[in-house]
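To keep things clear, I will list the structure first and then write my remarks on it.
The values are calculated or read from the model by the stated rules, or taken from the named source; none is laboratory data. What you are looking at is a predicted structure, and each value in this text was computed from that prediction instead of being measured. All Cβ positions, even for glycine, are placed from backbone atoms using ideal geometry, and neighbour counts span all protein chains on display. All accessible areas refer to the heavy atoms of the entire protein, side chains included, with ligands and DNA or RNA removed. Shrake-Rupley method; radii C 1.70, N 1.55, O 1.52, S 1.80 Å.
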Amino acid sequence: MESVLHEILPIVILSLAVSLTAVLISCVLGMPLGVCLALSRMRGRSIIKALAFSGMAMPPVVVGLLLYLLLSRSGWLGEWQWLFTTRAMILAQVILDLPFVIGITLTAVEAVPEELQFQLQSLGATPWQLRWTLLGESRNGLMLAAMTALGRGLSEVGAVLMVGGNIEGHTRVLTTAILLETGRGRFAIALSLGAILLTLALAINLAFIKLRRQTSR
Amino acid sequence: MTSRPLYHLLDVCFELSPDFALRIDDWQHSAGQTLCLVGPTGAGKTTFLKVLTGLISLQTGSIEFDGHGWSQGVASIDDSRRIALVPQRPLLLSRSVRANVEYGLQLRGFRADDWINELLHRLGLEKLAAKSAQTLSGGQTQLVAIARALALRPTVLLLDEPTANLDPASVGLVEQVLEEMRQRHRTTLIWATHNMFQARRVADRVALLLAGRIVEISARDDFFHRPVDPRTQDFVNGRMVY
(Lines give C-alpha, C1' and ligand atoms only; values in the text may rest on other atoms or scores of the structure.)
Protein backbone atom coordinates (compact mmCIF):
# COMPACT_ATOMS: atom_id res chain seq x y z
CA MET A 1 0.00 0.00 0.00
CA GLU A 2 2.80 2.34 1.00
CA SER A 3 4.67 1.64 -2.21
CA VAL A 4 1.55 2.31 -4.30
CA LEU A 5 1.04 5.61 -2.50
CA HIS A 6 4.71 6.40 -2.98
CA GLU A 7 4.21 5.79 -6.70
CA ILE A 8 0.89 7.58 -7.13
CA LEU A 9 1.31 10.69 -4.99
CA PRO A 10 3.99 12.32 -7.19
CA ILE A 11 1.78 11.66 -10.24
CA VAL A 12 -1.20 13.36 -8.61
CA ILE A 13 0.92 16.32 -7.50
CA LEU A 14 2.47 16.70 -10.96
CA SER A 15 -0.95 16.50 -12.64
CA LEU A 16 -2.25 19.29 -10.43
CA ALA A 17 0.91 21.37 -10.77
CA VAL A 18 0.95 21.18 -14.58
CA SER A 19 -2.77 21.83 -15.02
CA LEU A 20 -3.02 24.61 -12.42
CA THR A 21 0.04 26.41 -13.84
CA ALA A 22 -1.40 26.14 -17.35
CA VAL A 23 -4.77 27.49 -16.17
CA LEU A 24 -3.09 30.38 -14.37
CA ILE A 25 -1.10 31.35 -17.47
CA SER A 26 -4.16 30.94 -19.70
CA CYS A 27 -6.24 33.17 -17.41
CA VAL A 28 -3.58 35.88 -17.23
CA LEU A 29 -3.31 35.92 -21.04
CA GLY A 30 -6.84 34.99 -22.07
CA MET A 31 -9.08 36.99 -19.75
CA PRO A 32 -7.80 40.48 -20.69
CA LEU A 33 -7.89 39.40 -24.34
CA GLY A 34 -11.48 38.16 -23.96
CA VAL A 35 -12.53 41.46 -22.34
CA CYS A 36 -10.81 43.53 -25.05
CA LEU A 37 -12.46 41.46 -27.78
CA ALA A 38 -15.88 41.80 -26.14
CA LEU A 39 -15.55 45.59 -25.90
CA SER A 40 -13.68 46.25 -29.11
CA ARG A 41 -15.36 47.48 -32.25
CA MET A 42 -12.30 46.88 -34.45
CA ARG A 43 -12.42 45.28 -37.87
CA GLY A 44 -11.74 41.57 -38.02
CA ARG A 45 -13.18 41.10 -34.55
CA SER A 46 -15.60 38.44 -35.72
CA ILE A 47 -12.76 36.51 -37.37
CA ILE A 48 -10.77 36.51 -34.11
CA LYS A 49 -13.93 35.45 -32.26
CA ALA A 50 -14.53 32.61 -34.73
CA LEU A 51 -10.88 31.52 -34.32
CA ALA A 52 -11.20 31.50 -30.54
CA PHE A 53 -14.39 29.43 -30.65
CA SER A 54 -12.95 27.04 -33.25
CA GLY A 55 -9.90 26.63 -31.00
CA MET A 56 -12.14 24.94 -28.47
CA ALA A 57 -12.49 22.03 -30.85
CA MET A 58 -8.74 21.74 -31.44
CA PRO A 59 -7.74 18.04 -31.20
CA PRO A 60 -5.13 17.70 -28.42
CA VAL A 61 -3.19 15.13 -30.37
CA VAL A 62 -2.72 17.59 -33.25
CA VAL A 63 -1.50 20.25 -30.84
CA GLY A 64 0.84 17.65 -29.36
CA LEU A 65 2.17 16.72 -32.78
CA LEU A 66 2.77 20.34 -33.84
CA LEU A 67 4.48 21.15 -30.55
CA TYR A 68 6.55 17.99 -30.82
CA LEU A 69 7.80 19.09 -34.24
CA LEU A 70 8.51 22.61 -33.00
CA LEU A 71 10.31 21.51 -29.84
CA SER A 72 12.26 18.58 -31.29
CA ARG A 73 15.97 19.14 -31.79
CA SER A 74 15.57 20.12 -35.45
CA GLY A 75 12.43 22.21 -34.82
CA TRP A 76 12.20 26.01 -34.67
CA LEU A 77 12.09 25.94 -30.88
CA GLY A 78 14.54 23.08 -30.49
CA GLU A 79 17.07 25.37 -28.81
CA TRP A 80 14.79 25.68 -25.80
CA GLN A 81 15.32 21.97 -25.02
CA TRP A 82 11.81 21.72 -23.63
CA LEU A 83 10.80 18.42 -25.23
CA PHE A 84 9.92 15.75 -22.62
CA THR A 85 9.83 18.31 -19.82
CA THR A 86 6.96 19.63 -17.70
CA ARG A 87 7.43 23.01 -19.44
CA ALA A 88 6.41 21.46 -22.75
CA MET A 89 3.37 19.86 -21.06
CA ILE A 90 2.35 23.24 -19.57
CA LEU A 91 2.81 24.93 -22.95
CA ALA A 92 0.60 22.28 -24.62
CA GLN A 93 -2.11 22.77 -22.02
CA VAL A 94 -1.92 26.57 -22.30
CA ILE A 95 -2.51 26.28 -26.06
CA LEU A 96 -5.50 24.00 -25.44
CA ASP A 97 -6.89 26.07 -22.53
CA LEU A 98 -6.58 29.53 -24.10
CA PRO A 99 -9.50 29.27 -26.56
CA PHE A 100 -11.80 28.23 -23.71
CA VAL A 101 -10.67 31.08 -21.47
CA ILE A 102 -10.93 33.67 -24.26
CA GLY A 103 -14.26 32.37 -25.59
CA ILE A 104 -16.02 32.03 -22.24
CA THR A 105 -14.66 35.38 -20.96
CA LEU A 106 -15.78 37.09 -24.16
CA THR A 107 -19.27 35.59 -23.91
CA ALA A 108 -19.56 36.52 -20.21
CA VAL A 109 -18.51 40.14 -20.79
CA GLU A 110 -20.75 40.47 -23.85
CA ALA A 111 -23.66 39.36 -21.67
CA VAL A 112 -23.23 42.47 -19.49
CA PRO A 113 -25.75 45.03 -20.84
CA GLU A 114 -24.18 47.71 -23.03
CA GLU A 115 -26.23 50.30 -21.16
CA LEU A 116 -24.34 49.41 -17.96
CA GLN A 117 -21.09 50.33 -19.71
CA PHE A 118 -22.52 53.74 -20.60
CA GLN A 119 -23.78 54.28 -17.06
CA LEU A 120 -20.37 53.37 -15.59
CA GLN A 121 -18.68 55.78 -17.97
CA SER A 122 -21.13 58.46 -16.91
CA LEU A 123 -19.90 57.90 -13.34
CA GLY A 124 -16.35 58.62 -14.47
CA ALA A 125 -14.90 55.22 -15.41
CA THR A 126 -11.86 55.41 -17.69
CA PRO A 127 -11.59 52.69 -20.36
CA TRP A 128 -9.32 50.59 -18.11
CA GLN A 129 -11.50 51.07 -15.05
CA LEU A 130 -14.48 50.08 -17.17
CA ARG A 131 -12.75 46.87 -18.30
CA TRP A 132 -11.80 46.03 -14.72
CA THR A 133 -15.35 46.62 -13.47
CA LEU A 134 -16.82 44.52 -16.25
CA LEU A 135 -14.41 41.71 -15.36
CA GLY A 136 -15.80 41.86 -11.83
CA GLU A 137 -19.38 41.85 -13.12
CA SER A 138 -18.59 38.79 -15.24
CA ARG A 139 -16.93 36.93 -12.36
CA ASN A 140 -19.20 33.87 -12.60
CA GLY A 141 -18.31 33.52 -16.27
CA LEU A 142 -14.62 33.98 -15.48
CA MET A 143 -14.75 31.26 -12.84
CA LEU A 144 -16.47 29.01 -15.33
CA ALA A 145 -13.72 29.75 -17.88
CA ALA A 146 -11.01 28.82 -15.36
CA MET A 147 -12.83 25.65 -14.26
CA THR A 148 -13.47 24.51 -17.83
CA ALA A 149 -9.81 25.05 -18.68
CA LEU A 150 -8.73 23.14 -15.58
CA GLY A 151 -11.08 20.29 -16.42
CA ARG A 152 -9.73 20.12 -19.95
CA GLY A 153 -6.14 20.21 -18.68
CA LEU A 154 -6.58 17.50 -16.07
CA SER A 155 -8.34 15.12 -18.44
CA GLU A 156 -6.10 15.77 -21.45
CA VAL A 157 -3.84 12.93 -22.58
CA GLY A 158 -2.81 13.22 -26.25
CA ALA A 159 -0.74 16.39 -26.16
CA VAL A 160 0.98 15.82 -22.79
CA LEU A 161 1.90 12.30 -23.81
CA MET A 162 3.51 13.45 -27.05
CA VAL A 163 5.50 16.37 -25.63
CA GLY A 164 6.00 15.00 -22.10
CA GLY A 165 6.92 11.45 -23.01
CA ASN A 166 5.33 9.92 -19.86
CA ILE A 167 8.69 9.60 -18.09
CA GLU A 168 8.32 8.14 -14.61
CA GLY A 169 9.10 10.62 -11.89
CA HIS A 170 9.44 13.47 -14.41
CA THR A 171 6.52 13.89 -16.78
CA ARG A 172 4.09 11.15 -15.79
CA VAL A 173 0.64 12.54 -14.96
CA LEU A 174 -2.63 10.81 -14.10
CA THR A 175 -3.97 10.47 -17.63
CA THR A 176 -0.71 9.18 -19.13
CA ALA A 177 -0.30 6.80 -16.18
CA ILE A 178 -3.81 5.40 -16.80
CA LEU A 179 -2.90 4.82 -20.42
CA LEU A 180 0.31 3.06 -19.46
CA GLU A 181 -1.26 0.84 -16.79
CA THR A 182 -4.07 -0.14 -19.17
CA GLY A 183 -1.46 -1.12 -21.76
CA ARG A 184 0.30 -3.24 -19.15
CA GLY A 185 -2.95 -4.95 -18.29
CA ARG A 186 -2.93 -3.58 -14.69
CA PHE A 187 -6.56 -2.57 -14.82
CA ALA A 188 -7.03 -2.27 -11.05
CA ILE A 189 -4.34 0.41 -10.83
CA ALA A 190 -5.64 2.11 -13.97
CA LEU A 191 -9.12 2.21 -12.47
CA SER A 192 -7.80 3.54 -9.16
CA LEU A 193 -5.98 6.32 -11.00
CA GLY A 194 -9.20 7.05 -12.88
CA ALA A 195 -11.10 7.26 -9.59
CA ILE A 196 -8.51 9.70 -8.22
CA LEU A 197 -8.89 11.85 -11.35
CA LEU A 198 -12.68 11.90 -11.00
CA THR A 199 -12.44 12.69 -7.27
CA LEU A 200 -10.13 15.60 -8.05
CA ALA A 201 -12.55 16.91 -10.68
CA LEU A 202 -15.46 16.58 -8.23
CA ALA A 203 -13.56 18.35 -5.42
CA ILE A 204 -12.59 21.21 -7.74
CA ASN A 205 -16.17 21.61 -8.95
CA LEU A 206 -17.55 21.60 -5.41
CA ALA A 207 -15.04 24.32 -4.50
CA PHE A 208 -16.16 26.26 -7.57
CA ILE A 209 -19.83 26.01 -6.62
CA LYS A 210 -19.05 27.21 -3.08
CA LEU A 211 -16.96 30.12 -4.36
CA ARG A 212 -19.71 31.08 -6.81
CA ARG A 213 -22.28 31.15 -4.02
CA GLN A 214 -20.02 33.39 -1.93
CA THR A 215 -19.27 35.85 -4.71
CA SER A 216 -22.92 36.04 -5.79
CA ARG A 217 -23.99 37.30 -2.38
CA MET B 1 -29.07 85.91 -17.38
CA THR B 2 -26.53 86.88 -14.73
CA SER B 3 -24.67 83.60 -14.29
CA ARG B 4 -22.10 82.49 -16.88
CA PRO B 5 -23.02 79.88 -19.52
CA LEU B 6 -21.93 76.40 -18.51
CA TYR B 7 -23.07 74.67 -21.67
CA HIS B 8 -23.15 76.12 -25.16
CA LEU B 9 -24.38 73.86 -27.97
CA LEU B 10 -24.21 75.10 -31.54
CA ASP B 11 -25.61 73.37 -34.65
CA VAL B 12 -25.54 70.02 -32.91
CA CYS B 13 -26.83 66.99 -34.76
CA PHE B 14 -26.87 63.52 -33.33
CA GLU B 15 -28.52 60.83 -35.44
CA LEU B 16 -29.73 58.12 -33.15
CA SER B 17 -31.34 56.10 -35.95
CA PRO B 18 -32.38 56.70 -39.57
CA ASP B 19 -35.76 57.87 -38.21
CA PHE B 20 -34.61 60.11 -35.40
CA ALA B 21 -32.04 62.86 -34.97
CA LEU B 22 -31.52 65.35 -32.18
CA ARG B 23 -30.92 68.81 -33.63
CA ILE B 24 -30.00 71.72 -31.38
CA ASP B 25 -29.32 74.95 -33.25
CA ASP B 26 -28.14 77.20 -30.44
CA TRP B 27 -28.63 76.47 -26.76
CA GLN B 28 -26.95 77.84 -23.68
CA HIS B 29 -27.37 77.00 -20.04
CA SER B 30 -26.06 78.83 -17.00
CA ALA B 31 -24.34 77.28 -14.01
CA GLY B 32 -26.47 76.66 -10.95
CA GLN B 33 -29.79 76.76 -12.79
CA THR B 34 -32.34 73.98 -13.06
CA LEU B 35 -33.69 73.27 -16.52
CA CYS B 36 -36.60 70.89 -16.94
CA LEU B 37 -36.89 69.12 -20.28
CA VAL B 38 -40.46 68.24 -21.06
CA GLY B 39 -42.05 66.64 -24.08
CA PRO B 40 -43.91 63.54 -25.15
CA THR B 41 -42.34 60.08 -25.20
CA GLY B 42 -39.75 59.80 -27.97
CA ALA B 43 -39.21 63.58 -28.18
CA GLY B 44 -35.46 63.19 -27.54
CA LYS B 45 -35.13 64.05 -23.84
CA THR B 46 -32.96 61.03 -23.03
CA THR B 47 -30.84 61.56 -26.15
CA PHE B 48 -30.35 65.23 -25.22
CA LEU B 49 -29.15 64.22 -21.75
CA LYS B 50 -26.81 61.61 -23.24
CA VAL B 51 -25.29 64.23 -25.53
CA LEU B 52 -24.74 66.47 -22.49
CA THR B 53 -22.71 63.73 -20.75
CA GLY B 54 -19.95 64.28 -23.32
CA LEU B 55 -19.69 60.53 -23.88
CA ILE B 56 -21.31 60.47 -27.31
CA SER B 57 -19.65 61.37 -30.56
CA LEU B 58 -21.65 63.89 -32.60
CA GLN B 59 -22.15 63.89 -36.36
CA THR B 60 -21.94 67.68 -36.53
CA GLY B 61 -21.89 70.73 -34.30
CA SER B 62 -19.94 71.89 -31.31
CA ILE B 63 -20.28 71.74 -27.56
CA GLU B 64 -18.55 74.11 -25.20
CA PHE B 65 -18.54 73.22 -21.52
CA ASP B 66 -17.36 75.75 -18.96
CA GLY B 67 -15.21 77.36 -21.65
CA HIS B 68 -13.72 74.08 -22.96
CA GLY B 69 -14.57 72.89 -26.46
CA TRP B 70 -15.35 69.19 -26.77
CA SER B 71 -13.96 67.58 -29.89
CA GLN B 72 -16.91 66.04 -31.80
CA GLY B 73 -18.94 66.41 -28.63
CA VAL B 74 -16.70 64.10 -26.58
CA ALA B 75 -15.56 65.50 -23.24
CA SER B 76 -12.13 65.13 -21.68
CA ILE B 77 -12.08 62.80 -18.67
CA ASP B 78 -11.72 65.86 -16.39
CA ASP B 79 -14.85 67.47 -17.81
CA SER B 80 -16.87 64.26 -17.98
CA ARG B 81 -16.07 63.61 -14.31
CA ARG B 82 -17.79 66.89 -13.43
CA ILE B 83 -21.03 65.56 -14.91
CA ALA B 84 -23.16 62.76 -13.47
CA LEU B 85 -26.20 61.07 -14.94
CA VAL B 86 -29.14 59.46 -13.19
CA PRO B 87 -30.57 57.21 -15.91
CA GLN B 88 -34.21 56.41 -16.47
CA ARG B 89 -33.55 52.69 -16.01
CA PRO B 90 -30.54 52.50 -13.71
CA LEU B 91 -28.38 49.39 -13.74
CA LEU B 92 -26.44 48.65 -10.59
CA LEU B 93 -23.32 46.59 -10.06
CA SER B 94 -23.65 43.18 -8.40
CA ARG B 95 -22.25 44.57 -5.18
CA SER B 96 -23.75 45.97 -2.00
CA VAL B 97 -25.83 49.16 -2.04
CA ARG B 98 -23.02 51.01 -0.25
CA ALA B 99 -20.40 49.78 -2.75
CA ASN B 100 -22.60 51.03 -5.59
CA VAL B 101 -22.93 54.47 -4.00
CA GLU B 102 -19.16 54.62 -3.42
CA TYR B 103 -18.27 53.38 -6.91
CA GLY B 104 -17.73 56.75 -8.61
CA LEU B 105 -15.61 58.08 -5.76
CA GLN B 106 -13.57 54.89 -5.83
CA LEU B 107 -12.85 55.47 -9.53
CA ARG B 108 -11.39 58.85 -8.57
CA GLY B 109 -9.33 57.31 -5.77
CA PHE B 110 -11.33 59.03 -3.01
CA ARG B 111 -13.00 57.82 0.15
CA ALA B 112 -15.63 59.86 1.91
CA ASP B 113 -17.30 57.67 4.52
CA ASP B 114 -19.10 60.50 6.32
CA TRP B 115 -20.51 61.89 3.08
CA ILE B 116 -21.67 58.44 1.93
CA ASN B 117 -23.27 57.82 5.35
CA GLU B 118 -25.03 61.18 5.11
CA LEU B 119 -26.36 60.41 1.64
CA LEU B 120 -27.56 56.94 2.60
CA HIS B 121 -29.27 58.47 5.62
CA ARG B 122 -30.88 61.34 3.68
CA LEU B 123 -32.29 59.00 1.05
CA GLY B 124 -33.47 56.41 3.56
CA LEU B 125 -31.03 53.77 2.32
CA GLU B 126 -29.17 53.22 5.60
CA LYS B 127 -30.80 49.88 6.36
CA LEU B 128 -30.17 48.63 2.83
CA ALA B 129 -26.49 49.63 2.79
CA ALA B 130 -25.11 46.11 3.22
CA LYS B 131 -27.73 44.46 1.03
CA SER B 132 -26.97 43.21 -2.48
CA ALA B 133 -28.09 45.79 -5.03
CA GLN B 134 -29.54 43.00 -7.16
CA THR B 135 -32.27 42.33 -4.58
CA LEU B 136 -33.71 45.88 -4.59
CA SER B 137 -37.10 46.99 -5.88
CA GLY B 138 -37.38 49.42 -8.80
CA GLY B 139 -37.87 52.39 -6.50
CA GLN B 140 -34.96 51.44 -4.25
CA THR B 141 -32.75 50.98 -7.32
CA GLN B 142 -33.72 54.49 -8.45
CA LEU B 143 -32.79 55.93 -5.05
CA VAL B 144 -29.40 54.17 -5.13
CA ALA B 145 -28.79 55.57 -8.62
CA ILE B 146 -29.54 59.06 -7.31
CA ALA B 147 -27.24 58.51 -4.32
CA ARG B 148 -24.35 57.24 -6.48
CA ALA B 149 -24.59 60.31 -8.70
CA LEU B 150 -24.90 62.74 -5.76
CA ALA B 151 -21.90 61.09 -4.06
CA LEU B 152 -19.71 62.68 -6.75
CA ARG B 153 -20.86 66.23 -5.91
CA PRO B 154 -21.00 66.90 -9.66
CA THR B 155 -21.03 70.33 -11.28
CA VAL B 156 -23.88 69.10 -13.48
CA LEU B 157 -26.45 66.51 -12.57
CA LEU B 158 -28.39 65.10 -15.50
CA LEU B 159 -31.61 63.52 -14.34
CA ASP B 160 -33.66 61.30 -16.63
CA GLU B 161 -37.08 60.78 -15.03
CA PRO B 162 -35.37 60.21 -11.67
CA THR B 163 -38.60 59.86 -9.72
CA ALA B 164 -40.58 57.76 -12.23
CA ASN B 165 -40.54 54.64 -10.03
CA LEU B 166 -41.00 56.35 -6.68
CA ASP B 167 -43.95 56.73 -4.32
CA PRO B 168 -45.14 60.31 -3.63
CA ALA B 169 -43.29 60.55 -0.28
CA SER B 170 -40.01 59.48 -1.92
CA VAL B 171 -40.60 61.94 -4.80
CA GLY B 172 -40.84 64.74 -2.23
CA LEU B 173 -37.72 63.51 -0.47
CA VAL B 174 -35.70 63.35 -3.69
CA GLU B 175 -36.82 66.82 -4.78
CA GLN B 176 -35.83 68.16 -1.36
CA VAL B 177 -32.40 66.45 -1.37
CA LEU B 178 -31.69 67.69 -4.90
CA GLU B 179 -32.64 71.24 -3.94
CA GLU B 180 -30.32 71.06 -0.91
CA MET B 181 -27.56 69.80 -3.17
CA ARG B 182 -28.15 72.65 -5.57
CA GLN B 183 -27.92 75.22 -2.81
CA ARG B 184 -24.93 73.67 -1.03
CA HIS B 185 -22.79 72.90 -4.07
CA ARG B 186 -24.33 75.17 -6.71
CA THR B 187 -25.10 72.08 -8.76
CA THR B 188 -26.62 72.60 -12.18
CA LEU B 189 -29.61 70.33 -12.70
CA ILE B 190 -30.91 69.30 -16.10
CA TRP B 191 -34.00 67.27 -15.43
CA ALA B 192 -36.12 65.36 -17.93
CA THR B 193 -39.63 64.78 -16.66
CA HIS B 194 -43.09 63.88 -17.85
CA ASN B 195 -44.59 65.38 -14.74
CA MET B 196 -45.72 68.96 -15.39
CA PHE B 197 -46.36 69.52 -11.68
CA GLN B 198 -42.80 68.50 -10.92
CA ALA B 199 -41.47 70.84 -13.60
CA ARG B 200 -43.49 73.69 -12.01
CA ARG B 201 -42.00 72.85 -8.58
CA VAL B 202 -38.34 72.45 -9.44
CA ALA B 203 -37.49 74.32 -12.63
CA ASP B 204 -35.91 77.74 -13.14
CA ARG B 205 -36.36 77.29 -16.87
CA VAL B 206 -38.36 74.81 -18.93
CA ALA B 207 -37.77 73.54 -22.47
CA LEU B 208 -40.25 71.70 -24.66
CA LEU B 209 -38.71 69.12 -26.97
CA LEU B 210 -40.56 67.74 -29.95
CA ALA B 211 -39.15 65.32 -32.52
CA GLY B 212 -35.58 66.04 -31.45
CA ARG B 213 -35.86 69.84 -31.52
CA ILE B 214 -36.32 72.48 -28.84
CA VAL B 215 -39.64 74.13 -29.61
CA GLU B 216 -39.60 76.66 -26.83
CA ILE B 217 -37.40 77.42 -23.87
CA SER B 218 -38.18 80.06 -21.29
CA ALA B 219 -38.34 80.92 -17.60
CA ARG B 220 -40.73 78.65 -15.70
CA ASP B 221 -43.56 81.16 -15.25
CA ASP B 222 -43.37 82.34 -18.86
CA PHE B 223 -43.40 78.74 -20.06
CA PHE B 224 -46.49 77.77 -18.13
CA HIS B 225 -48.42 81.06 -18.15
CA ARG B 226 -47.30 82.86 -21.29
CA PRO B 227 -46.18 80.23 -23.80
CA VAL B 228 -45.35 81.67 -27.21
CA ASP B 229 -45.45 78.64 -29.49
CA PRO B 230 -48.93 77.15 -30.07
CA ARG B 231 -47.50 73.65 -29.53
CA THR B 232 -46.27 74.69 -26.08
CA GLN B 233 -49.72 76.10 -25.33
CA ASP B 234 -51.24 72.75 -26.29
CA PHE B 235 -48.67 70.81 -24.29
CA VAL B 236 -49.06 72.77 -21.05
CA ASN B 237 -52.81 72.49 -21.41
CA GLY B 238 -52.56 68.73 -21.53
CA ARG B 239 -53.28 68.31 -25.25
CA MET B 240 -50.99 65.85 -27.00
CA VAL B 241 -48.63 67.43 -29.50
CA TYR B 242 -46.31 65.84 -32.04
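Observations on the model:
- A simple spin-label model places pseudo-atoms 7 Å from Cα toward Cβ; at residue B:10 and residue A:65 they are separated by 6.8 nm.
- Debye-formula intensities of the range B:1-56, expressed as log10 I(q)/I(0) at q = 0.24 Å⁻¹, are -1.11 (one equal scatterer per alpha-carbon, no solvent).
- In the complete set of protein chains, residue-level accessible area for residue B:196 is approximately 30 Å², probe 1.4 angstrom.
- Cα point-scatterer Debye curve for the range B:121-230, base-10 log of I(q)/I(0) at q = 0.17, 0.19, 0.20 Å⁻¹: -0.87, -1.04, -1.12
- Residue-count net charge about residue B:180 - beta-carbon cut-off 15 Å; Lys, Arg +1, Asp, Glu -1: +3
- Each residue of the range A:40-53 was assigned a 3J(HN,Hα) from its phi angle through the Karplus expression (A = 6.51, B = -1.76, C = 1.60, θ = phi - 60°), giving 6, 10, 5, 5, x, 4, 5, 5, 5, 4, 4, 5, 4, 5 Hz with x at Gly and Pro.
- Using a 1.4 Å probe over protein heavy atoms, the accessible area lost on pairing A with B, summed over both chains, comes to approximately 1800 Å².
- Among A:76, B:27, A:132, the sequence by solvent-accessible area, most first, with a 1.4 Å probe is A:76, A:132, B:27.
- Residues of the protein assembly as shown: accessible area per residue with a 1.4 Å probe, Å²: 49
- For chain B, the antiparallel share of DSSP beta bridges with both residues in that region comes to about 60%.
- Residue order for B:41, A:21, A:133 - accessible surface, 1.4 angstrom probe, largest first: B:41, A:21, A:133
- Relative to the Cα centre, the charge distribution of chain A, modelled as +1 at Lys and Arg Cβ and -1 at Asp and Glu Cβ, gives a dipole magnitude of about 360 debye.
- Here the dipole of chain B is about 560 debye; that uses its Cα centre as origin and unit charges on the Cβ of Lys and Arg (positive) and Asp and Glu (negative).
- Cross-link reach list, aspartates and glutamates versus residue B:127, counting only Cα pairs under 14 Å and skipping chain neighbours closer than eight places: B:118
- Largest-first ellipsoid semi-axes for the range A:2-216, taking √(5λ) over the Cα gyration tensor eigenvalues, angstrom: 36, 21, 13
- For a straight C-alpha distance cut-off of 21 angstrom, the lysines reachable from residue A:210 (same-chain residues fewer than eight places away being disregarded) are B:131.
- Spread of Cα-to-Cα distances over 10 Å intervals beginning at zero, given as percent, for the range B:44-88: 28, 59, 13
- The 3J(HN,Hα) values that the Karplus relation (6.51, -1.76, 1.60; θ = phi - 60°) gives for the range B:90-102 are, in residue order, x, 10, 10, 6, 6, 9, 6, 4, 4, 4, 5, 5, 7 Hz. Gly and Pro appear as x.
- A simple spin-label model places the labels of residue A:80 and residue B:176 6.8 nm from each other, with each point 7 Å out along Cα-to-Cβ.
- The antiparallel fraction among DSSP beta bridges confined to the protein assembly as shown stands at about 60%.
- In the range A:7-56, trypsin sites (Lys or Arg not before Pro) in a DSSP loop with at most 13 other beta-carbon atoms within 10 Å: A:41, A:43
- Within the range B:145-159, the residues that become at least 30 Å² less accessible when every protein chain is included than when their own chain is isolated (1.4 Å probe; DNA, RNA and ligands ignored) are B:148.
- Per the Debye formula on identical point scatterers at the alpha carbon atoms of the protein assembly as shown, with no solvent, log10 I(q)/I(0) at q = 0.06, 0.08 Å⁻¹ is -0.41, -0.63.
- Max mean-square fluctuation residue, GNM over chain B, Cα-Cα springs under 10 Å, options B:145, B:203, B:112: B:112
- Solvent-accessible area, 1.4 Å probe, carbon plus sulfur percent, for the protein assembly as shown: 59
- Trypsin sites (Lys or Arg not before Pro) restricted to DSSP loop in the range B:197-242 with at most 15 other C-beta within 10 Å: B:239
- Qualifying trypsin sites (Lys or Arg not before Pro) in the range B:115-191, DSSP loop, other Cβ atoms within 10 Å at most 16: B:131, B:186
- Axis of helix B:113-122 versus longest Cα principal axis of chain B: the two differ by about 70°, to the nearest ten degrees.
- ³J(HN,Hα) computed for each position of the range A:61-76 - Karplus, 6.51 cos²θ - 1.76 cosθ + 1.60, integer Hz, glycine/proline x: 5, 5, 4, x, 5, 4, 5, 4, 5, 5, 8, 5, 3, 8, x, 4
- Cα-projected label distance for residue A:48 with residue A:214, points at 7 Å along beta-carbon direction, nm: 3.3
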